[in-house]
Amino acid sequence: LQNQQVAPSDMEMSTSSDQQYRVEPHCRQKFRPKLVEDVMRKYMEETLRHETYNMETVSKWTKEISHNIKSFLKSCNWPRYKYMVQVIIGENKGEGVKVATKQFWDENNDSLSAHYYVNQSLFCVAIAYGVYHY
């Protein structure tokens, strides 16, 4: 057998210190609740501004608003975030409505944004969750 010399470039070895894996998102790539709330306000006002409560069209409005919000969230390209959007529309009869949410998550990286819209005929509450997937 001949003794062959191997060039250093042929012997590249990967060490664990060479590879970096971020467990948390970079600060510029985090879910931004204020930005999401502004977008939610826009979509809710555009969809419901001149509408009156109608039981037959509520389903269409909730799907349209939630779809638009979720499409915006996906377009933000926040890496490894998973999204959930909840939209509730009801008839405004002057009664109070309380909406509560409870979650178990990492408060440093997971967040939510909520906005409500009210006119003479209806109310709408939208909540968007951004959960970082480890």
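The conditions are (1) under 18 Å from Leu35 (Cα atoms); (2) out of contact with any strand residue (DSSP E or B) (no Cβ under 9 Å at 6 or more places or on another chain), and Tyr134 fails exactly one of them. Which is it?
So Tyr134 meets the others, but not (1).
Looking only at residues that are in contact with an Asp or Glu (Cβ under 9 Å, 6 or more places away or on another chain) and not in a loop (DSSP other than H, G, I, E, B) in region 48-57, which one is surrounded by the most Cβ atoms within 10 Å (Cβ to Cβ)?
First pass over region 48-57, keeping only residues in contact with an Asp or Glu (Cβ under 9 Å, 6 or more places away or on another chain): 53, 55, 57.
Next cut, not in a loop (DSSP other than H, G, I, E, B) only: 55, 57.
Details: Met55: 8, Thr57: 13.
So, considering only residues that are in contact with an Asp or Glu (Cβ under 9 Å, 6 or more places away or on another chain) and not in a loop (DSSP other than H, G, I, E, B), the one surrounded by the most Cβ atoms within 10 Å (Cβ to Cβ) is Thr57.
Looking only at region 97-121, which residues are in a loop (DSSP other than H, G, I, E, B), open to solvent by 80 Å² or more (accessible area, probe 1.4 Å) and closer than 23 Å to Glu45 by Cβ?
Filtering region 97-121 for residues in a loop (DSSP other than H, G, I, E, B) gives 97-110, 119-121.
Checking which are open to solvent by 80 Å² or more (accessible area, probe 1.4 Å) leaves us with 97-98, 100, 102, 104, 107-108, 120.
Listed by number, the residues that qualify are Val97, Lys98, Gln120.
How about region 61-76: which of its residues are open to solvent by 30 Å² or more (accessible area, probe 1.4 Å) and either free of Cβ contacts under 8 Å to residues at least 12 places away in the same chain or not polar (S, T, N, Q) (or both)?
Matches in region 61-76: Lys63, Glu64, His67, Lys70, Ser71, Phe72, Lys74, Ser75, Cys76.
Only one of (1) of a type in the set (Gly, Ala, Ser); (2) open to solvent by 60 Å² or more (accessible area, probe 1.4 Å); (3) in a helix (DSSP H, G or I) fails for Gly94. Which number is that?
(3)
Out of the residues in region 24-47 meeting the condition of being among the hydrophobic types (A, V, I, L, M, F, W, C) and not in a loop (DSSP other than H, G, I, E, B), tell me which one is most open to solvent (accessible area, probe 1.4 Å). If you could, list the steps in order and put the result at the bottom.
First, pick out the residues of region 24-47 that are among the hydrophobic types (A, V, I, L, M, F, W, C): 27, 31, 35-36, 39-40, 44.
Next, only the ones that are not in a loop (DSSP other than H, G, I, E, B) stay: 27, 35-36, 39-40, 44.
Numbers: Cys27: 101, Leu35: 64, Val36: 0, Val39: 22, Met40: 1, Met44: 0 Å².
Here the residue is Cys27.
The values are calculated or read from the model by the stated rules, or taken from the named source; none is laboratory data. Just so you know, these numbers come straight off a predicted model, no measurement behind them. FYI the Cβ positions are ideal-geometry reconstructions off the backbone, even for glycines, and counts take in every protein chain you see. Protein only, heavy atoms only, side chains kept; ligands, DNA and RNA dropped before computing areas. Shrake-Rupley method; radii C 1.70, N 1.55, O 1.52, S 1.80 Å.
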